[in-house]
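Engineer: Okay, handing you the structure first.
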Amino acid sequence: MTTSLVWFRNDLRLDDNPALQAAIEGGDTVVCVYVLSPRTFGETSFGFPRIGKFRLRFLKESLENLDANLRRVGSRLRVVRGLVEEMIPKIASSVGAEVVHCQSEYGSEERSAVKRLRKRLNEDGRKLRVDSPSTMIAPDDLPFEIAELPQTFSKFRGKVEKRSDVRQPIDAPRSIKDFPRPIDGELAIEQCKELDYATIEEDSRAVMRFIGGEDAARERINEYLWEGDHLRQYKQTRNGMMGADYSSKFSAWLALGCISPRRVHAEVRRYENERVKNDDTYWMIFELLWRDFFAFTVARFGRTVFQIGGLRGERYPWKRDTEQFEAWREGRTGYPLIDANMRELAATGFMSNRGRQNVASFLTKNLGIDWRMGAEWFESLLLDYDACSNYGNWNYTAGVGNDARGFRWFNTIKQSNDYDPDGDYVKHWCTELSEVPTRYVHTPWKLHLSEQKRSQCIIGLDYPEPIVDLFKSADHHEAIYREAVGDFEPVGSGRRDQGRRGGKNRRRG
Ligand code: FAD
């Protein structure tokens, strides 16, 4: 009897799981393992929990759902505690598995873990097969080597759209023969103290309740695409900030692999065949290509993406102003759009893409604060945290990414007027502004004192004064930026309010 072992990573599903499929094909019995590694549960370098309470709950629910689904087909999930490179070889040896299967992931820590594991397995004469991609396009199907990855998204997209196909997802297995004995150190999920989250009070203002697991992921696809029929207008609504359906909200399930990007792709294609095919349906694939682009960027450039100089190795003198950082983190900057978004993140673990771009720009371009502090705060809180997407996007917004074009920043007041013209979103999260007239809701400090009193919102008392002047602070940091990168164009020529990529058919216009 041969036994194979699947090490589940961020692929917590049965559907379209090539590692699981290969294990089933390669062994008479299969052991399904998830490792709770101390590396996952420590602190970030600025002292935030690496997994905050929202993602912890989501992870726990996802593991429970994976276990339940495995049991339905005859298997179960064995959760163990320890370092991957110690636990997996130990289990492989105790069950006699010659081959270990897992998904390939691109973060530098994830790749180091695989390297260490492979070494240990090889020393015991065992093999590690890492051939199941977390991306929509498999690395083997790229029309270039990873080392030749184009530096800009548009070139990447141009090439892959012409020459790469997305493979068909594979169906979930109908039955798995489980290894018939318990393994050493196996834990029941409810016993795992690492997964204990502090009590979470549901905030009724949240865009939705994200429930971890493959079943909930499927349900969300069903709700967003099929029942709600929202995909037909996705491109027009995706810059929204209120409610469940302005965007898909697939990201948290994609990040933990409760659903595969190939399955989302296949569902979009089915929708295009059965309902409608338009710019909006294409845009969902376009966004998933961004996800792939960041994954391959990290695969190519490794650690640099996580370092202060970013992909470009910029020597920008970032600040670590704790007071200003705290004001940003807690939603007390005096700029309602920034504050509302940061409060939403802290209260729910989610923030829209529009919000993320604005708050990241404000932290780096108006406050000049070390972008990694922001990235780590996101890492701690985001339900959908994904190393490549998070650090890739932060590199970009901070102006240290490959594709960065000079000093670009978001004029948060203009953004507020464009994307929240009636102030509904800022009032939703900054309730102290609820009586402020719409005309002033994004610039409440401009209200005359008598109007502040009438609106029950005294600036400096009920709602903070702006912590910096928007334009002066941007000019100041632009000058520093130009000095650092050796670009001596007149200060003020940095494009304001230009999402990251302006223009037709580019994102963030
Ligand atoms: P939709 O608009 O419905 O998009 C569909 C899918 O496309 C998303 O689920 C996601 O997988 C992918 N996608 C969309 N936009 C991007 C993008 N800019 N980069 C990469 N993939 C994208 N996304 C994460 O998944 N994890 C992160 O940790 C993360 N951190 C970010 C940090 C910053 C500073 C910024 C500006 C963006 C970040 N994003 C991250 C990207 C984006 O904001 C989220 O993917 C998106 O808001 C999730 O909501 P949605 O699923 O409704 O997206």
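The values are calculated or read from the model by the stated rules, or taken from the named source; none is laboratory data. As the structure is a computational prediction, the values presented were derived from the model and not from experiment. Every residue, glycine as well, gets a Cβ built from its backbone with ideal geometry; the counts of neighbours run over all protein chains shown. These accessible areas exclude ligands, DNA and RNA; they are computed on the full protein's heavy atoms, side chains included. Shrake-Rupley method; radii C 1.70, N 1.55, O 1.52, S 1.80 Å.
Engineer: Positive end of the charge dipole of the chain (Lys, Arg +1 and Asp, Glu -1 on Cβ, about the Cα centre): tell me which of T135, G96, A206 has its Cα farthest that way.
Structural biologist: Going by the Cα projections, it comes out as T135.
Engineer: To continue, here is another question. A 31 angstrom limit on the alpha carbon distance is what I want to check against. Which of K127/K159; K427/K472; K115/K162; K155/K319; K53/K472; K60/K162 exceed it?
Structural biologist: K127/K159; K115/K162; K155/K319; K53/K472; K60/K162
Engineer: Note down the relative contact order for the chain as a percent, whole number, built from C-alpha pairs under 8 angstrom at least six residues apart.
Structural biologist: 16
Engineer: Which residues' amide hydrogens lie under 5 Å from the amide hydrogen of I308, considering only partners 5 or more residues apart or on another chain, with H built in the peptide plane?
Structural biologist: Residues meeting the amide H criterion: none.
Engineer: Would you list T40, T152, T364 from the most to the least accessible area, probe 1.4 Å?
Structural biologist: Heavy-atom accessible area, descending, gives T40, T152, T364.
Engineer: Same structure again: Would you mind calculating the gained length between D141 and W445 on full extension (0.36 nm times residue separation, minus the Cα-Cα distance), in nm to one decimal?
Structural biologist: Contour length minus Cα-Cα distance gives 104.0 nm.
Engineer: Further, regarding this structure: So what is the accessible area of the stretch 403-465 per residue, in Å², with the probe set to 1.4 Å?
Structural biologist: Here the per-residue accessible area is 50 Å².
Engineer: At 1.4 Å probe size, put T199, T333 in order of accessible surface, largest to smallest.
Structural biologist: Reading off the accessible areas and sorting them downward yields T199, T333.
Engineer: Still on this structure, please answer the following. Hey, can you grab everything whose amide H is under 5 Å from the amide H of K319? Only 5+ residues off in sequence or another chain; H modelled, so Pro and N-termini drop out.
Structural biologist: I369, D370
Engineer: Could you list which residues have their amide H under 5 Å from that of V79, counting only those 5 or more apart in sequence or on another chain, with H placed in the peptide plane?
Structural biologist: Y34, L187
Engineer: Right, next: Could you tell me what percent of the DSSP beta bridges with both partners in the chain are antiparallel, to the nearest 5?
Structural biologist: Antiparallel bridges make up about 5 percent of those DSSP assigns within the chain.
Engineer: Size of the dipole of the stretch 1-110 about the Cα centre, Lys and Arg at +1 and Asp and Glu at -1 on the beta carbon, nothing else charged, in debye to 20?
Structural biologist: Charge dipole, the stretch 1-110, about its Cα centre: 560 debye, nearest 20.
Engineer: How many percent of the accessible area of the chain is carbon or sulfur, using a 1.4 Å probe?
Structural biologist: Whole-percent figure for carbon plus sulfur exposure: 46.
Engineer: Count neighbours as other Cβ atoms within 10 Å of each site's Cβ, and list the chymotrypsin sites (Phe, Trp or Tyr not before Pro) in the stretch 402-470 that are DSSP loop with at most 16 such neighbours.
Structural biologist: none
Engineer: Now for a different question. Ignoring everything except DSSP H segments at least 4 long, calculate the 222 nm mean residue ellipticity for the chain; use -39,500 (n - 2.57) per segment, divide by total residues, nearest 500.
Structural biologist: -12500 deg cm²/dmol
Engineer: For a quick check of your reading of the filter: which GluC sites (Glu not before Pro) in the stretch 430-482 sit in a DSSP loop and have no more than 16 other Cβ atoms within 10 Å?
Structural biologist: Passing sites in the stretch 430-482 are E435.
Engineer: Sort 457-466, 20-29 by the packing proxy (mean of other Cβ within 10 Å over each peptide's residues), most packed first.
Structural biologist: In decreasing order of mean packing, 457-466, 20-29 become 20-29, 457-466.
Engineer: Moving on to the next point. How would you order 63-76, 371-384 from highest to lowest mean count of nearby Cβ atoms within 10 Å?
Structural biologist: 371-384, 63-76
Engineer: Follow-up. Which GluC sites (Glu not before Pro) in the stretch 181-276 sit in a loop by DSSP (not H, G, I, E or B) and have at most 11 other Cβ atoms within 10 Å of their own Cβ?
Structural biologist: For GluC sites (Glu not before Pro) across the stretch 181-276 that sit outside H, G, I, E and B with at most 11 neighbouring Cβ atoms in 10 Å, the list reads E201, E202.
Engineer: Separate question: Quote the charge dipole size of the stretch 66-223 about the Cα centre in Debye, to the nearest 20; the model charges only the Cβ of Lys and Arg (+1) and of Asp and Glu (-1).
Structural biologist: Magnitude of the dipole: close to 500 debye.
Engineer: All other residues with a Cβ under 15 Å from the Cβ of V436 taken together, and with Lys, Arg as +1 and Asp, Glu as -1, what is their net charge?
Structural biologist: -4
Engineer: Would you tell me the accessible area of H442, worked out with a 1.4 angstrom probe on the heavy atoms of the protein chains, in Å² to the nearest 10?
Structural biologist: H442 has an accessible surface of roughly 10 Å² with all protein chains in place.
Engineer: Using the Cβ atoms and a cut-off under 10 Å, what net charge is assigned to the surroundings of D196, where Lys and Arg are +1 and Asp and Glu are -1?
Structural biologist: +2
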